[in-house]
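Chemist: One structure follows; several queries about it will come next.
The values are calculated or read from the model by the stated rules, or taken from the named source; none is laboratory data. Small disclaimer: the values here were computed from a predicted structure and weren't measured. Using ideal geometry, Cβ is built from the backbone for each residue, glycine included, and neighbour counts are taken over all protein chains shown. These area figures cover heavy atoms from the full protein model, side chains too; ligands, DNA and RNA do not enter into them. Shrake-Rupley method; radii C 1.70, N 1.55, O 1.52, S 1.80 Å.
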Amino acid sequence: MTENFVTKPKIIAIVGPTASGKTAYAVELAKKLNGEIISADSRLVYRGFDIGTAKPDVEERQGIKHHLIDVVEPEEDYSAGLYEKHAKKAIEDILNRGKVPIVAGGTGLYFRVLLENWDLPEFDPDVELRAELQKLSNLQLLDRLRELDEAAALEAQLADKKKIIRAIEIIKNTGLPLNEARRLKAPEYDVEWIGLNLPREDLYEKINKRVDIMVENGLIEETQKLLNKHGRIKNIIETIGYKEITAYLDGTLTLEEALEKLKQNTRNYAKRQLTWFNKNEEINWLVAK
RNA sequence: GCCGCAAUAGCUCAGUUGGUAGAGCAAGGGACUGAAAAUCCCUGUGUCCUUGGUUCAAUUCCGAGUUGCGGCA
C-alpha cells in the first residue's frame, strides 16, 4: 500500500448567494451527518461584524461547531491565503475527530482556493509596496506594469487600480509574470457541491426584507459601536451594510436612502456571487425553501 | 371654467433647425489566483401620451383630446 491509493477526504460544500438559506441548510445537514461547519465568508471572520453580516448566533448554530468565524479583529487584514491555511487545518481537525467537514459560505474566491484548483502565489501580501503604489496614478501604474510584465499590462483595465497593483506586486515578489504566477493545482478533497438559490425576484425580495430585519435588530447601533471602537477603517466602510449606515450617520444620506442603497448593493453583490458559482459545473443546485 | 407649462427607456431627464432617438441611475451578462461583501469590463427598439392636419416624410410644426403640475377665477 502506498499513499497513491489513499482516497481523498470527503467534504461537503454549500454555496449560494447571500440570503439563499445556506446557514440553516448547513446546520441541518451537520446535525444529520455528524458534521461541523467551516464558514467560507470573508466578513464573518471579523469579530463584532454580527448583525450586518447575518452571522449565525448561538441559537442558529444549534450546538453545531462553526469554524472560521470571529477569528480576527476588524483592523487585521484577512486574506484568501490565510483562509486557505486556517480552513485546511480546521478540516484536518474535523476529520481526525471522525466528523464530516461542511464548508458553507458565499465568498467565491475562498472556494476556488480551498476546494477547487487555484494555486495562489506563495508570498505574504506586500503591504508596503501596495501603499507606495497606491499613490501613483493609474496611468503611471500601467506604465510601470508594462515594463515588468507586458502581457499583463495589455490585459489590464486602466481603471482597475487594484488589479494593476496586484500584478506589479506579484512580479516583484515572485519574478513571475501574471500568466505564469496563476497556477492550477490538483484538488485535495473529494467535494460534494450543493448550491442554494432562488428565482431572482424571490431572492431580491428576501434580501430587501432581511435588511429591514437587520435594522430592527440593531444594525445602526452596531455600526455606531464599530465606528466608536475602531474608527473608519477599511474593513468597516468597505462592508455592505456598515458602508451605507455610516453614510447615514454622517448625514450624507437619509435613513431611507441609506437602506435603499444597502438593499441595492446587496442585490448587486448576490449577482456577483452567482457569477462565481455558475462557473462551477459540479454544483448540484437545489431550490431553497 | 379660463390661461400657461409638461407628457421620450423601469426612474430622472436630454435631443431631433421635420429623415423614427441618447445620457445618468436601475436592470441583465461577464471577469477575478493572498484586499474579494473588494475591484473592474460589456449590454440601450422605446406605440418619443392619443388623434386629426400640413408634408415625399411628423416623436419634432399646427389643431383637438387625455392626464399631470402651476396660476387666475
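Chemist: Please go through region A:152-162 and pick out each residue that is over 24 Å from the mean Cα position of the chain (by Cα) and not in a helix (DSSP H, G or I). Give the steps one after another, and end with the answer.
Modeler: Initially, region A:152-162 is screened for residues over 24 Å from the mean Cα position of the chain (by Cα), giving A:152-155, A:158.
Within region A:152-162, just A:Leu158 meets the criteria.
Chemist: When residues of region A:264-287 are filtered for being over 20 Å from A:Arg210 (Cβ atoms) and in a helix (DSSP H, G or I), how many remain?
Modeler: Residues meeting the conditions: 3.
Chemist: Still on this structure: Tell me, which residue of region A:188-211 that is surrounded by fewer than 14 Cβ atoms within 10 Å (Cβ to Cβ) and away from RNA strand B (no atom under 13 Å from the Cβ) is farthest from A:Gly105 (Cα to Cα)?
Modeler: A:Lys209
Chemist: Being in contact with an Asp or Glu (Cβ under 9 Å, 6 or more places away or on another chain) and over 30 Å from A:Glu116 (Cβ atoms) is the requirement here; does A:Glu244 meet it?
Modeler: Spelling it out, A:Glu244 is indeed in contact with an Asp or Glu (Cβ under 9 Å, 6 or more places away or on another chain) and over 30 Å from A:Glu116 (Cβ atoms).
Chemist: Related question: Based on this model, can you work out whether A:Leu82 counts as in a loop (DSSP other than H, G, I, E, B) and within 13 Å of the chain's Cα centre (by Cα)?
Modeler: no
Chemist: Another question about this same structure. Answer yes if at least one residue in region A:5-14 is in contact with a Leu (Cβ under 7 Å, 6 or more places away or on another chain) and open to solvent by 40 Å² or more (accessible area, probe 1.4 Å), and no otherwise.
Modeler: Yes, the conditions are met somewhere in region A:5-14.
Chemist: For residues that are part of a loop (DSSP other than H, G, I, E, B) and charged (D, E, K, R), scanning just region A:177-187, find the one that is surrounded by the most Cβ atoms within 10 Å (Cβ to Cβ).
Modeler: A:Arg182
Chemist: Provide a single number: the residues in region A:62-78 that are surrounded by fewer than 17 Cβ atoms within 10 Å (Cβ to Cβ) and within 10 Å of RNA strand B (Cβ to nearest atom).
Modeler: Within region A:62-78, residues that are surrounded by fewer than 17 Cβ atoms within 10 Å (Cβ to Cβ) and within 10 Å of RNA strand B (Cβ to nearest atom) number 1.
Yes/no matrix, rows are residues, columns are (1) over 27 Å from the mean Cα position of the chain (by Cα); (2) not aliphatic (A, V, I, L, M):
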{"residue": "A:Leu109", "(1), (2)": "no, no"}
{"residue": "A:Arg112", "(1), (2)": "no, yes"}
{"residue": "A:Leu115", "(1), (2)": "no, no"}
{"residue": "A:Glu122", "(1), (2)": "no, yes"}
{"residue": "A:Asp126", "(1), (2)": "no, yes"}
{"residue": "A:Arg130", "(1), (2)": "no, yes"}
{"residue": "A:Lys135", "(1), (2)": "no, yes"}
{"residue": "A:Asp143", "(1), (2)": "yes, yes"}
{"residue": "A:Glu150", "(1), (2)": "yes, yes"}
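Chemist: I'd like the full set of residues that are part of a helix (DSSP H, G or I) and surrounded by 18 or more Cβ atoms within 10 Å (Cβ to Cβ), limited to region A:92-111. Even if it seems obvious, please write down each step before you answer.
Modeler: Restricting attention to region A:92-111, the residues satisfying the condition of being part of a helix (DSSP H, G or I) are A:92-96, A:108-111.
If the condition is that a residue be part of a helix (DSSP H, G or I) and surrounded by 18 or more Cβ atoms within 10 Å (Cβ to Cβ), then A:Ile94, A:Gly108, A:Tyr110, A:Phe111 are the ones that fit.
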